[in-house]
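Just below is one structure, and these are the notes that go with it.
The values are calculated or read from the model by the stated rules, or taken from the named source; none is laboratory data. No experiment lies behind these values; they were computed from the predicted model shown. All Cβ positions, glycine included, derive from the backbone under ideal geometry; neighbour counts span all protein chains shown.
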Amino acid sequence: TTAFDKTFQRFTILQDELRRRGFAVDLIRHIAPDELAQVEPDYDCLLFCIERQFHRMLGPMELFGEDARNLWSACMYGREKTVAVGFGSPYLVPNYFETCPAAINAYSVTPDVQRAVAAALCGEIPMSGTSPVVFEDRTSIMNLNAFNKS
């Protein structure tokens, strides 16, 4: 999900890279939870791409509106086959996909990064490293479990 249509259209690079490797790939923007529940069984993998950049002059870093709603509910359907990829802020993936079994921080939506993500997903290059952000005390209001602490 991204705040800008132009950025969403740039994900065709990732789509093309995965198709070149033999995968059938659909780009869907703003998929509502009920829609996801209907189409999820048709897919082997659900790849959620999230983009927010620190250098953007307008708009919040956190997701809002239907973007937030959709991502908060994303792991309700097909959780075991979900991969979250943050193309920007390293805070996005842990804030919205805390229970996701696989996550990647890619930090940028540039063509080279998208190509590298496709290669890494296919095992062509190693994914090594750790997030530069440590979440030992998860108190973000975006974290749904923040209010359930004893």
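Among (1) more than 18 Å from Thr82 (Cβ to Cβ); (2) surrounded by 13 or more Cβ atoms within 10 Å (Cβ to Cβ); (3) at pLDDT 90 or above, which single condition is Arg20 missing?
So Arg20 meets the others, but not (2).
Can you find, within the stretch 101-127, the residue that is modelled with the highest pLDDT among those that are among the hydrophobic types (A, V, I, L, M, F, W, C), out of contact with any helix residue (DSSP H, G or I) (no Cβ under 7 Å at 6 or more places or on another chain) and not in a helix (DSSP H, G or I)?
Cys122
Those residues that are surrounded by 21 or more Cβ atoms within 10 Å (Cβ to Cβ) and on the phi > 0 side of the Ramachandran plot, I need them from the stretch 91-128; list them, please.
Answer for the stretch 91-128, where residues must be surrounded by 21 or more Cβ atoms within 10 Å (Cβ to Cβ) and on the phi > 0 side of the Ramachandran plot: there is none.
Among Gly88, Gly78, which is the only one that is modelled with pLDDT of 80 or more, buried (at least 21 other Cβ atoms within 10 Å of the Cβ) and on the phi > 0 side of the Ramachandran plot?
Gly88
When you check Val83 against the structure, is it modelled with pLDDT of 80 or more and under 28 Å from Thr130 (Cβ atoms), yes or no?
yes
Check the stretch 57-64 and report whether any residue there is of a type in the set (D, E, K, R) and either modelled with pLDDT of 80 or more or part of a helix (DSSP H, G or I) (or both).
no
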